[in-house]
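Data first, discussion second: the structure below is written as C-alpha cells.
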Amino acid sequence: MSSASKASRLGEEIWKTRIEKVNAELVVLTYGTIVAQICKDFENDYAEVNKQLDRMGYNIGLRLIEDYLAKSNTMRRCSNFRETAEMIAKVGFKIFLNVTPTITNWTGDNKQFSLVFDENPLADFVELPDDGRAQDQLWFSNILCGVLRGALEMVQMQVETHFISDVLRGHDTTEMRVTLVRYIDDELPPEDD
Amino acid sequence: MSYYFAIIGTQDNPLFEYEFGTSKQGGDGMARFTEQARQLNQFIIHSSLDIVEEVQWTNGQMYLKLVDRFFTSYISCFLTASNIKFLLLHQPPSSSTLTGGTSRTSTSIAANPTSPQTEEAIRNFFAEVYENYVKAIMSPFYRTNMEIRSPVFRARVAAAGRKYL
C-alpha cells in the first residue's frame, strides 16, 4: 500500500473519531475579522499585514505540531520530504481544517512542492477590498504559511513557505509553495564552563 | 417593463442601485427609462421610504409587496432583518397600455404590475437577491451601511433579474 493512501486513511479516521468539530462559519468570520482588523491597524499596508499573519501562524504552528503529533499518534519520523508532504496534506490539513490540498509540482531535487487548495475554508464569503492594491498585495490566508513553517521547524525542518496564487485575487487556483531549506541538526547547548 | 432596483441602508442611504429591463417575452434585459425618468426614479424610491416605514410595522412579513405608486411607476419592497430595504421600482412599457387586454399580455408580468404573478415573480427575485446579499455582507471587509461595490453581487442581482423578471 502506498504511503499516500495510508496517510489519507489515517487523516480520515482521526477526523471522524478524535476531532472536536466547530462551526465553520464561526471560524470564517473570526479569521476574516482578524485579517480585516489587521488591515485597519496597519493602514492597509498589505506587505506588513502578510508579515503579521505569517507571524501569528508561526506561533500557532510551534504549538500546533504537538497537538498534531498527539492526535495522529505517529511517533515515527517521515523518511523523506515527500512523505512529509503527504502527511501535511492528508493528515495535517485534514484534521485541522477538513480539507486535503493536492500535492503537485515537485522539483527534481524533491525539495520543493506546491499545495493546491480546491477549497479554502478560511476564505468563504471573502471579497478582497477593491482599493486597487489588495488584489495584488494581500495574501488573505497567509496565516497557513506561518503555521506550516512553525510546525515543521519544531520537527527539525526549516522550510520557506509562500502563496503564489489565490482564487480571491482572481487566479484559477489557490497554491502554496513549500521549500525545504535544510534539516536542522540537533544543536548542542552552549557549554557552560 | 423597466426596473430600477435599490438597496437602502438604515440611515436612508443608498447602498446599491441597478437598472435593468425585462428578459421575459423576448425582452432584451435593457431598461427603457428616459433620461429624465432615471433622475426621477431616485426621488420616487426615496419618497416611498416614508410609506415603507408606515407599513413595515403593520405585519410581520419581510416582503411588503407593492407599497407605493407614482403614475406608472410601481414600487415593491422587501425588508431584511436588520432593516435594510430592498426597493424595486417597476414601470410597464407605455405601449402596453395601448395594446393591453389581449390574453397574452394580461398574464405577462411585464404588462401587469399589480397581478399576483408579478407579485410572485418579484418575491422570488427578492428572495434570491436577499440570499446573495447575505453572502456579500458576510465578507469581513464589509461594514454596515457601506456601499456594496462587489462586482460579484452585481452580477448575481443581474442574474436574478434575468431569471425572474
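Structure values in brief
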| item | result |
| --- | --- |
| Identity of the residue in the range B:118-165, assigned to a loop (DSSP other than H, G, I, E, B), surrounded by 13 or more Cβ atoms within 10 Å (Cβ to Cβ) and out of contact with any strand residue (DSSP E or B) (no Cβ under 8 Å at 6 or more places or on another chain), that ends up farthest from the other protein chains (Cβ to nearest Cβ) | B:Tyr142 |
| Residue ID - nearest to A:Thr102 (Cα to Cα), chosen from residues in the range A:1-18 that are surrounded by fewer than 12 Cβ atoms within 10 Å (Cβ to Cβ) and of a type in the set (Ser, Thr, Tyr) | A:Ser5 |
| Residues of the range B:1-55 classified as of a type in the set (Gly, Ala, Ser) and surrounded by fewer than 12 Cβ atoms within 10 Å (Cβ to Cβ), total | 1 |
| Strands (runs of 3 or more DSSP E) completely within the range B:1-83 that count 1 or more residues being touching a helix residue (DSSP H, G or I) at 6+ places or on another chain (Cβ under 8 Å) and β-branched (Val, Ile, Thr) | B:2-8, B:63-70, B:73-79 |
| Residue identified as in contact with a strand residue (DSSP E or B) (Cβ under 9 Å, 6 or more places away or on another chain), touching a residue at least 24 places away in the same chain (Cβ under 8 Å) and not aliphatic (A, V, I, L, M) among A:Phe125, A:Phe163 | A:Phe163 |
| From A:Val91, A:Val22, residue being outside any helix (DSSP H, G or I), closer than 30 Å to A:Ala4 by Cβ and more than 14 Å from every other protein chain (Cβ to nearest Cβ) | A:Val22 |
| Candidate set: the range A:115-148, residues that are surrounded by fewer than 18 Cβ atoms within 10 Å (Cβ to Cβ) and within 21 Å of A:Asp45 (Cα to Cα); chosen: the one nearest to the other protein chains (Cβ to nearest Cβ) | A:Asp130 |
| Residue match in the range A:149-169 (condition: within 14 Å of chain B (Cβ to nearest Cβ) and not charged (D, E, K, R)) | yes |
| Filter result for the condition that a residue is under 20 Å from A:Gly170 (Cα atoms) and of a type in the set (A, V, I, L, M, F, W, C), over A:Leu148, A:Leu97, A:Leu138 | A:Leu138 |
| Pair list, Cβ under 9 Å, 6 or more apart: the range A:29-44 residue facing chain B (nearest Cβ under 10 Å) and surrounded by 12 or more Cβ atoms within 10 Å (Cβ to Cβ), other residue basic (Lys, Arg) and not in a helix (DSSP H, G or I) | A:Ala36/B:Arg143 |
| Residue within the range A:66-78 that is within 14 Å of the chain's Cα centre (by Cα), more than 30 Å from A:Asp109 (Cα to Cα) and away from every other protein chain (no Cβ under 14 Å) present | no |
| Evaluation of A:Phe81 against (1) under 17 Å from the mean Cα position of the chain (by Cα); (2) within 30 Å of B:Glu147 (Cβ to Cβ); (3) surrounded by 15 or more Cβ atoms within 10 Å (Cβ to Cβ) (one fails), failing number | (2) |
| Some residue of the range A:101-121 being in contact with a helix residue (DSSP H, G or I) (Cβ under 6 Å, 6 or more places away or on another chain), free of Cβ contacts under 8 Å to residues at least 24 places away in the same chain, in a loop (DSSP other than H, G, I, E, B) and of a type in the set (A, V, I, L, M, F, W, C) | no |
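Listed here are the residues, each with its yes/no results for (1) within 20 Å of A:Ala134 (Cα to Cα); (2) assigned to a helix (DSSP H, G or I).
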| site | (1), (2) |
| --- | --- |
| A:Glu48 | yes, yes |
| A:Met56 | yes, yes |
| A:Leu62 | no, yes |
| A:Tyr68 | no, yes |
| A:Ser79 | no, no |
| A:Glu83 | no, yes |
| A:Glu86 | no, yes |
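None of the figures in this text is laboratory data; all of them are computed from the coordinates on show. These numbers come from a predicted model, not from an experiment. Glycine gets a Cβ as well: all are built from the backbone with ideal geometry, and neighbour counts include every protein chain shown.
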